[in-house]
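First up is the structure itself, then whatever we jot down about it.
No lab work stands behind these numbers, since they all come straight from the coordinates. Fair warning: this is a prediction, and the values are worked out from it, not measured in the lab. Note: ideal-geometry Cβ built from the backbone for every residue, glycine included; neighbour counts use all protein chains shown.
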Amino acid sequence: MAGKNVSSVDGKGRILIPQSIRDAANIKADEKVIVEFDPASRAIVIEPAHEKRLLALKIALADSPGSLASAATVLAKLGVDLVSTQSHSSRRGEAAVWEVECNPGKATVSQIKSALSKAGAKIAEAKLE
C-alpha cells in the first residue's frame, strides 16, 4: 500500500522509503530525490528528481546585490531547469559561489558558459551526473 507508512531515521540521518511508496513514485535505486521541508505544515516532502541528465555547475560571481539574479535570469533565458541551488559568499563583499544542479535542456555547457560570462559570472566547474 502506497499511503502512509512509518519509517525510522538512523544515526546518519538516513530514512528507508518503503517499497510500496518507491514503486508508486517510480523511484529506483541510486536515483536522486528532492527533499524539502515545509515550515508551514512541518512536513518533509520527498519527490523523485526524474531528470534524464543533471548538470552540476559551480558558478563564480560577484558578491553584490543582483549578481545571483542576473546569473539566474541567464539560465532561465537558455531554458535551463534548476533542480537545486545553494549559494554562499567566498570572500564577503567580493566573490560568491553558486552551486547548481540543473537539467540543461537543449543548452550546451559552452552556451551556458558564454551567456554567464556576458552577465559577469564564470563557470568554475561543470559535470554531467
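Would you compute the Debye intensity of segment 55-128 from its alpha-carbon atoms alone, equal scatterers and no solvent, and pass along log10 I(q)/I(0) at q = 0.17, 0.18, 0.25 Å⁻¹ to two decimals? So the normalised log intensities work out to -0.53, -0.60, -1.19. The alpha-carbon atoms of the chain, seen along their principal axes, cover 52, 33, 25 angstrom, with the largest extent given first. With a Förster radius of 22 Å applied to the C-beta separation of ARG91 and GLU125, the computed FRET efficiency comes to 0.80.
Given LYS106/LYS127; LYS32/LYS127; LYS32/LYS58; LYS4/LYS32; LYS28/LYS122; LYS28/LYS113, which pairs have Cα atoms separated by over 26 Å? Violating the 26 Å limit, Cα to Cα: LYS28/LYS122; LYS28/LYS113.
Can you figure out the FRET efficiency of ALA25 with SER84, using R₀ = 22 Å and their beta-carbon distance, to the nearest 0.05? Provide the component values of the computation, followed by the final result.
Working: r = 18 Å, r/R0 = 0.81.
After rounding, the FRET efficiency stands at 0.80.
Can you list the aspartates and glutamates whose alpha carbon sits under 20 Å from that of LYS77, skipping same-chain ones fewer than 8 residues off? In chain and number order, the partners are GLU51, GLU99, GLU101. The angle between the Cα long axis of helix 109-118 and the main principal axis of the chain comes to about 50°, on a 0 to 90 degree scale. Were the residues from ALA69 through ARG14 laid out at 0.36 nm apart, the gain over their Cα-Cα distance would be 16.4 nm.
For the listed peptides 56-69, 12-25, a ranking on the average number of other beta carbons within 10 Å per residue, highest first, reads 56-69, 12-25.
Within a 10 angstrom radius of the beta carbon, how do ILE112, ILE44 rank from fewest other beta carbons to most? Present the calculation step by step, with values, prior to reporting the outcome.
Numbers: ILE112 23, ILE44 10.
Fewest-to-most Cβ neighbours within 10 Å comes out as ILE44, ILE112.
Once both labels are positioned 7 Å from their Cα atoms along Cα-to-Cβ, the gap between ASP38 and SER117 label points is 4.3 nm. Sorting GLU101, GLU36 by the number of Cβ atoms found within 10 Å of their own Cβ, with the fewest placed first, yields GLU36, GLU101.
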